[in-house]
Structure formats: structure tokens, C-alpha cells
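The values are calculated or read from the model by the stated rules, or taken from the named source; none is laboratory data. Being a predicted model, the structure only gives us computed values, none of them experimental. Cβ: placed from backbone, ideal geometry, glycine included. Neighbour counts: every protein chain shown. Accessible surface areas use protein heavy atoms only, side chains included; no ligands, DNA or RNA. Shrake-Rupley method; radii C 1.70, N 1.55, O 1.52, S 1.80 Å.
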Amino acid sequence: MAAGSTSPAARVLIVGGGGTGAALAHDLALRGVAVILVERGEFTSGTTGRHHGLLHSGARYAVNDRESAVECIEENRILRRIAPGSFEENDGLFVAIDDEDMDYLPLFLEGCEASGIPTQTLSPSHALALEPLLNPSLKAAVRVPDATMDAMRLPMRFLATARANGADLLNYLEVTGLLLERTAVTGAAVHDHVTGREAEIRADLVVNATGPWSERVAAFAGVDVPIQPSPGVLLALRGRLCNMVVNHLHRSGDGDIVVPQRGLSIVGTSSWVVEDPDDLDVPEDHVRRMYEEGSRLIPAVLTADFRSVWSAARPLIGARETDTGRELSRTFKTIDHADTDGIDGFVTITGGKATTLRGMAEVCADVVCHKLGIDEPCRTRETVLLPHTAHLAA
């Protein structure tokens with residue numbers, strides 16, 4: 001079937017089994033599209049399974065990246081509705097430690113109000129009553145609707161629901177090339193890491209949803225995607241040092257958040273840039289900064305028992321000349337390569353955050369359906385997802 005078909009059985013191949021690919025498979029399956037999703041490893045084994053598990057209120061971006069802030073608070077509300085039971089609805093505190101933080105406070109409150117993010121300004125005594133292990137010299141705190149989630153279980157709910165609606169989900173299949181006929185992508189060549197076999201998967205349209213690997217997959221079609229992989233170090237400590245998400249009330253920086261996760265506390269994160277998202281290390285000086293900066297928020301960070309440390313690459317959209325990646329927006333982008341590069345049958349969705357996976361998928365699915373002549377609305381804003389364990393019954 002050629003791209004541009006009006007058949008609701010049009011076949012779409014999604015490359016990437018992380019949060020974005022999972023949400024897109026769910027959205028397209030609800031619209032009656034025949035979906036095949038391939039992932040080179042286990043589902044969610046890339047960036048998706050390595051973040052700290054924060055459901056963003058958007059407050060972190062309210063001053064300097066308002067587009068991302070608005071996206072986060074909107075999706076925060078939708079995800080709570082469609083994925084009940086997936087979140088610890090514990091709220092977040094942005095804590096001012098020094099005079100510079102207090103100078104930032106009016107800008108922060110103004111940005112949150114403009115972005116539609118509810119806030120409650122707390123006195124130091126009120127904040128310490130909520131979180132006794134906070135730095136006792138804090139000057140103020142602001143409560144926002146952050147929450148925590150399991151990094152892998154939420155995307156698995158999208159995958160489980162997509163599978164129940166007919167999507168074909170295949171892991172340990174790595175895309176090794178794209179099939180090109182003149183100026184159109186018609187499928188992908190894949191390597192099966194279980195059997196060692198090579199195969200081809202034909203499709204009416206291919207979606208590149210590989211996050212920080214988007215540039216690599218796009219190159220198979222001879223096109224460029226301006227992605228800057230930006231890793232960050234995350235430190236896991238034993239014990240819950242806080243029950244709310246604790247953030248440093250200042251411009252985004254290293255070690256400025258402590259996220260409670262079950263019986264652990266996750267301190268994050270740093271930021272640098274790399275060429276290869278598969279070649280990540282854990283710089284010792286970054287780990288030290290997690291301890292140092294995290295302890296400014298919660299002094300007990302310095303003495304808590306170590307559990308683990310790791311890094312993960314963010315897929316940031318923008319110029320590759322950036323030094324740390326922090327100056328790039330956390331918003332997302334859908335690229336129709338027919339418009340940008342003259343290559344039909346190929347779309348890239350990249351950027352964004354775990355919190356915005358559903359919204360990213362909606363925008364991308366609208367583009368895909370328009371290209372395929374499918375007139376079906378998005379239904380993911382109200383469709384309650386199956387439990388993450390439902391995929392085991394398939």
C-alpha cells in the first residue's frame with residue numbers, strides 16, 4: 001500500500017520502544033491504524049527507563065522555557081486521569097536557600113502563574129513541618145503539583161493498551177537501515193538479536209521515535225535531525241529523605257532535585273553533551289556535585305547509604321555547539337521529512353520529557369494520519385490505560 005492511502009488499515013512502523021514510541025503506538029491503534037513497533041533491546045531500556053521518575057508540574061521551566069512548562073502542567077493533569085494508580089501524588093517543594101534564591105522567587109511565581117501552574121508559598125516553619133529533613137536555614141518554599149512515578153511502568157501501560165488494540169510489539173529487533181524507493185521510505189531492515197537473522201519490514205510510513213538516537217536512524221534516510229544527546233548523572237540513596245519532591249528554587253543547575261522513589265531518594269542531575277548516546281560514563285566529579293548540591297537542600301544526603309549511580313541521555317533539540325544542553329528547550333518536535341528533506345513516508349518525533357509522552361504522541365499521530373488520509377480524532381486524552389501488567393497476558 002502506498003503512502004497517502006485512505007485505508008484505515010494503513011501500516012505504520014514505529015522505531016523505538018520507549019515512552020514516546022509506546023504512547024504513539026497506543027494513539028495510532030485507537031485510530032484504527034495497523035501498528036508495528038520495534039525496539040532493539042527490552043522495552044523502556046533506553047532513556048525512558050533511566051530517568052528519576054518525576055511527573056513534572058512544569059514549574060522547573062516556568063521562567064526560561066514557558067512552552068515546556070505549559071506542556072508539562074497540561075499533561076500532568078491528563079496523565080493523572082488516564083493512568084490512575086501510577087503516581088504518588090505527593091506534590092513538590094521549591095526551596096529557597098539563600099538571598100539569590102529569594103531574588104528568583106518573584107520571577108518563579110510570575111512564570112508559574114503565566115503557565116497555569118498552581119502554587120502555594122510557604123513559610124520556613126510550614127515547609128519544615130512538611131519535610132523535617134530540609135535545610136533548617138531555608139528562607140521560603142513554594143508548593144507545586146509535582147508527583148512521582150515508576151519510570152518504566154507508565155510506558156508499559158501505553159504498550160499494554162496498544163497491544164490490546166492490535167499493535168504488534170517486537171523487542172530485540174534493531175533497525176539497521178531504512179528501505180528507500182526513489183524519494184520515499186517504504187520500511188526498514190532489521191537485525192533480530194535473538195535469532196541472529198536479518199529481515200525487512202515493509203510499511204506505508206515509518207516513524208523514528210528513538211530519542212537521543214534519532215539522528216542515527218534519520219541518517220539511514222540521508223536526512224539530518226539536529227539532536228544533541230545530553231546525559232545527566234543520577235544518584236540513588238537508601239531511605240526516603242523526603243516524601244515530597246524537593247527542588248532548589250533557582251535557575252536549573254546540577255543536583256537541584258531530590259525525588260522520593262519507594263524506599264530510595266534520587267538526587268539529580270548534571271548535564272553535559274556527547275556525540276554517541278551509547279557511550280555514556282559517570283564522571284566522578286558529577287557524582288560529587290550530586291552529594292554537594294543535594295545536601296544544600298537536605299543535609300542528610302551527605303550521610304545516606306549509597307545505593308547506585310547511573311547516567312542517561314536526554315534528546316535535546318537544537319544546535320550541536322551547546323556546552324551543557326541546559327540552554328536548550330525541553331519541548332518536542334515532529335518532523336515530516338517530506339516537508340523538510342523531500343523524503344516521503346518518514347516522520348521523526350523527538351525531544352520532550354517523560355511527562356509529555358502522550359501529548360507528543362498526539363501531535364505526531366495527527367501528522368501521520370494526515371499523511372495517510374486517515375480522518376480519525378485522538379482519543380488518548382480520555383482513554384484510561386490498562387495496568388502495566390496487562391502486556392504479560394498477551
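Treat each spin label as a single point 7 Å out from the Cα along the C-beta direction, and report the Arg238 to Ala219 distance in nm.
Using points 7 Å along Cα→Cβ, the separation is 4.3 nm.
How big is D, in µm² s⁻¹, for the range 153-209 by Stokes-Einstein at 37 °C and 0.692 mPa s if Rh is the Kirkwood radius over C-alpha pairs?
254
Viscosity 1.306 mPa s, temperature 10 °C: what is the translational diffusion coefficient of the range 1-104 from Stokes-Einstein with a Kirkwood Rh over Cα pairs, rounded to a whole number of µm²/s? Mind dumping the intermediate values first?
Numbers: Rh = 16.9 Å.
Stokes-Einstein gives a translational diffusion coefficient of 94 µm²/s.
In Å², and per residue, what accessible area does the range 1-98 have when probed at 1.4 Å with the other protein chains present? The partial results should precede the final answer.
On the way: 3000 Å² over 98 residues.
Solvent-accessible surface per residue comes out at 31 Å².
Accessible area, 1.4 Å probe, largest first: how do Met360, Met152 sort?
On the way: Met360 0, Met152 90 Å².
Largest accessible area first, the list is Met152, Met360.
Pick from Val144, Val309, Val246 the residue whose mean-square fluctuation is largest in a GNM of the chain, springs joining Cα atoms under 10 Å.
Val309
Report, by chain and number, residues whose modeled amide H sits under 5 Å from the one on Leu264, excluding near sequence neighbours (fewer than 5 apart, same chain).
Amide H neighbours of Leu264: Gly239.
Between the range 357-371 and the range 72-121, what is the C-alpha centre distance in whole Å?
Between the Cα centre of the range 357-371 and that of the range 72-121, the gap is 27 Å.
Can you list the equivalent-ellipsoid semi-axes of the range 121-238, largest first and in whole Å, using the square root of 5 times each Cα gyration tensor eigenvalue? Write down the numbers at each step before the final one.
Working: eigenvalues 413, 68, 42 Å².
In descending order, the three semi-axes are 45, 18, 14 Å.
Using θ = phi - 60° and the Karplus form 6.51 cos²θ - 1.76 cosθ + 1.60, what ³J(HN,Hα) does each residue of the range 215-221 get, whole Hz, x for Gly and Pro?
So the Karplus estimates, Gly and Pro as x, are 4, 5, 5, 4, 4, 4, 9 Hz.
Can you give the calculated 222 nm mean residue ellipticity of the chain, where each DSSP H run of n ≥ 4 adds -39,500 (n - 2.57) and the sum is split over every residue, rounded to the nearest 500 deg cm²/dmol?
Details: 9 runs with 106 residues, N = 394.
Taking each H run of at least 4 residues, the total per residue is -8500 deg cm²/dmol.
Counting alpha carbon pairs within less than 8 Å and at least 6 residues apart, what relative contact order, in whole percent, applies to the chain?
Working: 970 pairs, mean separation 95.5, N = 394.
The normalised contact order for the chain reaches 24 percent.
Note the direction-averaged projected area, equal to a quarter of the hull surface, for the Cα convex hull of the range 233-302, in nm². Walk me through the numbers before you get to the answer.
Working: hull surface 20.3 nm².
Over all viewing directions, the range 233-302 projects a mean Cα-hull area of 5.1 nm².
Over the Cα atoms of the range 23-180, how large are the radius of gyration and the largest Cα-Cα distance (Dmax), in Å?
Taking only Cα atoms of the range 23-180, I get Rg and Dmax of 19.8, 64 Å.
Relative to the first principal axis of the alpha-carbon coordinates of the chain, what is the inclination of helix 153-164, with its axis defined by its Cα atoms, in degrees from 0 to 90 and to the nearest 10?
The helix 153-164 is inclined about 20 degrees to the chain.
So which trypsin sites (Lys or Arg not before Pro) in the range 137-243 end up in coil per DSSP with only 15 or fewer other C-beta atoms within 10 Å?
Working: sites: Lys139, Arg143, Arg153, Arg157, Arg163, Arg182, Arg197, Arg202, Arg216, Arg238, Arg240; in loops: Lys139, Arg182, Arg197, Arg240.
Answer in residue order: Arg182, Arg197, Arg240.
In terms of the ratio Rg/(2.2 N^0.38 Å) built on C-alpha atoms, what value belongs to the range 202-241? Write out the running numbers ahead of the final one.
Details: Rg = 16.8 Å, N = 40, 2.2 N^0.38 = 8.9 Å.
For the range 202-241, the normalised Cα radius of gyration is 1.88.
Express the carbon and sulfur contribution to the solvent-accessible surface of the chain as a percent, rounded to the nearest whole number, probe 1.4 angstrom.
Values: 7890 of 15590 Å².
With neighbouring chains kept in place, the figure for the chain is 51 percent.
Using the alpha-carbon atoms, what tilt in degrees (0 to 90, nearest 10) does helix 99-115 show relative to the longest principal axis of the chain?
Result, in degrees: 40.
Counting C-alpha atoms alone, how compact is the range 80-121: give Rg to one decimal and Dmax as a whole number, in angstrom.
13.8, 41
If the only charges are +1 at each Lys and Arg Cβ and -1 at each Asp and Glu Cβ, what is the size of the charge dipole of the range 185-247 around the Cα centre, to the nearest 20 debye? Each step should come with its number before you reach the end.
Numbers: 5 positive and 6 negative charges, 98 e Å.
Once rounded to the nearest 20, the dipole reads 480 debye.
In the Gaussian network model of the chain, springs joining C-alpha atoms below 10 Å, which of Ser137, Ser57, Ser68 carries the largest mean-square fluctuation?
Ser137
Between Glu376, Glu215, Glu362, find the one with the highest GNM mean-square fluctuation for the chain; connect C-alpha pairs within less than 10 Å.
Result for the chain, Cα springs under 10 Å: Glu376 fluctuates most.
Any idea what angle helix 66-82 forms with the longest principal axis of the chain, computed on alpha-carbon atoms, 0 to 90 degrees, nearest 10?
80
In terms of the ratio Rg/(2.2 N^0.38 Å) built on C-alpha atoms, what value belongs to the chain? Working shown, then result.
Details: Rg = 21.2 Å, N = 394, 2.2 N^0.38 = 21.3 Å.
The reported ratio for this selection is 0.99.
Show the residues, 5+ positions off or on another chain, whose built amide H is closer than 5 Å to the amide H of Thr121.
Distant-sequence amide H within range of Thr121: Arg143.
Select from Val259, Val190, Val287 the residue farthest towards the positive end of the dipole of the chain; place +1 on Cβ of Lys and Arg, -1 on Cβ of Asp and Glu, and compute about the Cα centre.
Val259
With only Lys, Arg, Asp and Glu charged, each at its Cβ (+1 for the first two, -1 for the last two), find how big the charge dipole of the chain is about the Cα centre; round to the nearest 20 debye.
That gives a dipole near 1180 debye.
Restricting the calculation to Cα positions, tell me the Rg (one decimal) and the Dmax (whole number) of the range 183-297 in Å.
When restricted to the Cα atoms of the range 183-297, Rg and Dmax are 19.8, 56 Å.
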